[in-house]
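The values are calculated or read from the model by the stated rules, or taken from the named source; none is laboratory data. Quick caveat, the model's predicted, so the values are computed rather than measured. When we count neighbours, we look across all protein chains shown, and the Cβ atoms used for this are built from the backbone with ideal geometry, even at glycine. Heavy atoms of the whole protein, side chains included, go into the accessibility calculation; ligands, DNA and RNA do not. Shrake-Rupley method; radii C 1.70, N 1.55, O 1.52, S 1.80 Å.
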Amino acid sequence: MKTQAHQLPQLLQKGLSPVYLVSGDEPLLVQECCDQIRKTAREAGYQDRVTFHADQQLDWNRVGEEFGALSLFAEKRRIEIHLPSGKLGDGRAILESVLKNPPDDIVLLLISARLDAAETRRKWYKELQDKGVHVPVWPIDTDKFPGWLQQRARNHGLSLTRGALDILAERLEGNLLAASQELDRLALLDSGATIDEDAVEQAVQDSSRFNGFELVTELLAGRAAHARKIVGVLQQEGENPLGLLAVLTRDLNLTMELNIAAAQRENTAGFLKKRGVFQPQRAKAVEQAARRLNRHQLNSALELCSTTDRAAKGFDTLSPWHYLHDLITLLARRA
């Protein structure tokens, strides 16, 4: 069966299914759905966990052997398989066999990128629909993002003024991970309080010497020396690069669109206003990048962002910070 993310808690209260598929391109929402499933499974006695990542190095025979071996033991376990491409590939036959008759002592959790239409027509997916639950996770629509922020703030015991909500929505749109982190920080500073514009600005100032938003601005501006300094600080402080990658990818795509619009003589201010870009600093950075970079550079930068994202999720031998330095070099070049 298929269920929406907001319906998952009620479904889990009715009991566990033998298999779950959580798919989507919003890391925060996917993670939270998976955490709900994990918590319910642990409470039901599925304490042990075995994790596989379906990259090119995965031997799917090991996955099949794991299912067969576990059936010999009385203890309950969870098997998690990460599918970064949203495709099973060589593992299709293994999963079809498992899903045809799921073991009683295993809960299988598949964590996937968004599935394409072709994959949902395959036999393994139909078996999953019959035996388990698919939770497709969709991005938050732009017009619904302020409401999502406000509800999230209430869950933290916070109340946002209209001005504070507008600042956060403009700054964090398209980056749910950063939005969650920002609200966590505000809750630590002002738990139970009403948050206004000044409190939001002060929290950002107090959060660290540098942050992901500043790095994105420096990258778009091509200021390599300062960008490298920020990357070094963020790496030392243990910053999660996924948040800043989401912001950078969003603004690189916006820069690409503006580059095309400018070639067609569309008014820049009007274009940015239609895209909901009201913060002067962000608008200036995007406008300058669109003038300075060509489409080939922007496409290469977006591809490098994808590689960096994979590295941040453990699917590459190099660290994401290595690729961020490559991004700095690429975006510092003039067209």
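Descriptive notes on the structure:
- For segment 261-282, the set of residues classified as under 28 Å from HIS322 (Cα atoms) and surrounded by 18 or more Cβ atoms within 10 Å (Cβ to Cβ) consists of ARG282 only.
- Reported count of residues in segment 249-285, each being within 24 Å of GLU26 (Cβ to Cβ), hydrophobic (A, V, I, L, M, F, W, C) and modelled with pLDDT under 90, is 2.
- All positions within segment 90-114 that are surrounded by 19 or more Cβ atoms within 10 Å (Cβ to Cβ) and within 25 Å of the chain's Cα centre (by Cα): GLY91, VAL107, LEU108, LEU109, LEU110, ILE111, SER112
Here is a yes/no grid of residues against (1) farther than 26 Å from LYS144 by Cβ; (2) not β-branched (Val, Ile, Thr):
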position: GLY238; (1), (2): yes, yes
position: LEU245; (1), (2): no, yes
position: ARG250; (1), (2): no, yes
position: GLN264; (1), (2): yes, yes
position: PHE271; (1), (2): no, yes
position: GLY276; (1), (2): no, yes
position: GLN288; (1), (2): yes, yes
position: ALA311; (1), (2): yes, yes
position: THR317; (1), (2): yes, no
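- Condition check for GLY86 on (1) open to solvent by 10 Å² or more (accessible area, probe 1.4 Å); (2) part of a loop (DSSP other than H, G, I, E, B): one failure, at (1).
- Filtering VAL216, VAL277 for residues that are touching a helix residue (DSSP H, G or I) at 6+ places or on another chain (Cβ under 9 Å), more than 29 Å from HIS53 (Cα to Cα), assigned to a loop (DSSP other than H, G, I, E, B) and of a type in the set (A, V, I, L, M, F, W, C) leaves a single hit, VAL277.
- When segment 193-207 is filtered for residues that are at pLDDT 65 or above and not β-branched (Val, Ile, Thr), the ones remaining, listed by number, are ALA193, ASP196, GLU197, ASP198, ALA199, GLU201, GLN202, ALA203.
- Helices (runs of 4 or more DSSP H) (entirely within segment 1-77) containing at least 3 residues that are small (Gly, Ala, Ser): 60-70
- Within segment 238-267, tally of residues that are out of contact with any Leu (no Cβ under 7 Å at 6 or more places or on another chain) and among the β-branched types (Val, Ile, Thr): 2
- ARG310 within 24 Å of the chain's Cα centre (by Cα), open to solvent by less than 50 Å² (accessible area, probe 1.4 Å) and of a type in the set (Lys, Arg): no
- Taken as a whole, the structure places PHE52 among residues that are of a type in the set (A, V, I, L, M, F, W, C), surrounded by 16 or more Cβ atoms within 10 Å (Cβ to Cβ) and in contact with an Asp or Glu (Cβ under 8 Å, 6 or more places away or on another chain).
- Looking across segment 221-233, the residues that are touching a Leu at 6+ places or on another chain (Cβ under 7 Å) and assigned to a helix (DSSP H, G or I) come down to ALA227, ILE230, VAL231.
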